[in-house]
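Peer 1: For reference, the structure I am asking about is given below.
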Amino acid sequence: MPTTACQARGSSRTFRRTPWHGSVDSDRLVRRDDLLDLNDALQHPGRRLSVDISTELAQEEDVDLMRPVEGYIEAVSTGNILVLSGEFETVAVVECARCSGPLETPVKFPIDEQFPIVGAPAGVKGQEIARVVPDEEPFPIFEGNALLVEALLRQSLLLNMQVQPLCAWGW
């Protein structure tokens with residue numbers, strides 16, 4: 001069964017999340033497998049949130065993974081900008097551009113994203129609380145102040161894969 005595991009960096013506590021299928025349960029509505037709540041970092045500028053992540057990208061049909069996508073994400077708010085950084089790696093099976101044979105290729109990719117913030121951090125009276133203003137895209141990566149982790153990783157993975165991978169015989 002596909003799982004997503006998250007662990008706060010520097011913590012011994014690991015959260016295993018497994019996909020849920022079934023009827024609506026009010027306890028499940030608050031917590032979804034692919035959401036990373038960044039509200040704490042947004043409401044406290046300068047506070048760094050760092051999370052280790054391992055996911056099999058179960059919803060990804062375009063890429064065959066031999067290993068889970070593993071790495072970390074760090075989030076920090078400057079008050080005006082939410083900065084996401086991190087590094088991930090996996091091993092994917094791709095098709096050789098020359099012979100069309102299967103080829104296992106390691107993929108390492110960085111996360112380096114910035115998103116504008118509107119509103120004021122918590123504690124500032126009379127103003128709307130801070131929230132992320134994501135880019136208008138066909139595949140959103142935010143739901144409120146929560147990051148859709150697998151959507152971000154999918155986009156970054158696809159952008160960092162080799163365009164014409166070659167096996168040992170090359171061109």
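Peer 1: Go through the range 97-117 and count every residue that is in contact with a Phe, Trp or Tyr (Cβ under 9 Å, 6 or more places away or on another chain) and at pLDDT 90 or above. Quick ask: steps written out before the conclusion?
Peer 2: Kept after step one, since they are in contact with a Phe, Trp or Tyr (Cβ under 9 Å, 6 or more places away or on another chain), are these residues of the range 97-117: 97-99, 107-111, 115.
Checking the rest, the ones that are also at pLDDT 90 or above come to 107-111, 115.
Result for the range 97-117: 6.
Peer 1: Which one is modelled with the lowest pLDDT, of the residues in the range 152-171 that are among the small types (G, A, S) and out of contact with any strand residue (DSSP E or B) (no Cβ under 6 Å at 6 or more places or on another chain)?
Peer 2: Among residues in the range 152-171 that are among the small types (G, A, S) and out of contact with any strand residue (DSSP E or B) (no Cβ under 6 Å at 6 or more places or on another chain), the one modelled with the lowest pLDDT is G170.
Peer 1: Identify the residue in the range 118-151 that is open to solvent by less than 20 Å² (accessible area, probe 1.4 Å) and touching a Ser or Thr at 6+ places or on another chain (Cβ under 8 Å) and, among all such residues, is modelled with the lowest pLDDT.
Peer 2: For the range 118-151, the residue satisfying everything is A130.
Peer 1: What residue, among those in the range 19-46 that are over 19 Å from the mean Cα position of the chain (by Cα) and modelled with pLDDT of 50 or more, is surrounded by the most Cβ atoms within 10 Å (Cβ to Cβ)?
Peer 2: The residue in question is Q43.
Peer 1: Looking only at the range 152-167, filter to residues that are open to solvent by less than 30 Å² (accessible area, probe 1.4 Å) and over 13 Å from the mean Cα position of the chain (by Cα); which one of those is nearest to N39 (Cα to Cα)?
Peer 2: As a first pass, look at the range 152-167 and keep what is open to solvent by less than 30 Å² (accessible area, probe 1.4 Å): 152-153, 156-157, 165, 167.
When the remaining residues are screened for being over 13 Å from the mean Cα position of the chain (by Cα), the result is 165, 167.
Values: P165: 40, C167: 45 Å.
Per the stated criteria, the residue is P165.
Peer 1: Another one. Out of everything in the range 55-73 that is open to solvent by less than 30 Å² (accessible area, probe 1.4 Å) and either assigned to a strand (DSSP E or B) or free of Cβ contacts under 8 Å to residues at least 40 places away in the same chain (or both), what residue ends up being farthest from F139 (Cα to Cα)? Let's see the steps before the verdict.
Peer 2: First pass over the range 55-73, keeping only residues open to solvent by less than 30 Å² (accessible area, probe 1.4 Å): 55, 57, 60, 63, 69, 71, 73.
Those still in the list that are either assigned to a strand (DSSP E or B) or free of Cβ contacts under 8 Å to residues at least 40 places away in the same chain (or both) too: 55, 69, 71, 73.
Numbers: T55: 19, V69: 19, G71: 22, I73: 20 Å.
That would be G71.
Peer 1: Residue by residue through the range 74-96, note down the ones that are aliphatic (A, V, I, L, M) and open to solvent by 40 Å² or more (accessible area, probe 1.4 Å). Steps first, please.
Peer 2: Here is the first cut: in the range 74-96, the residues aliphatic (A, V, I, L, M) are 75-76, 81-84, 91-94.
Once the filter is applied, which keeps residues that are aliphatic (A, V, I, L, M) and open to solvent by 40 Å² or more (accessible area, probe 1.4 Å), the range 74-96 yields I81, V93.
The values are calculated or read from the model by the stated rules, or taken from the named source; none is laboratory data. Computed from a predicted model, the values in this text were never measured in an experiment. Positions of Cβ are generated from backbone atoms using ideal geometry, with glycine treated the same way; all protein chains shown enter the neighbour counts. Note: accessible area is taken over every heavy atom of the protein model, side chains too, but ligands, DNA and RNA are not part of it. Shrake-Rupley method; radii C 1.70, N 1.55, O 1.52, S 1.80 Å.
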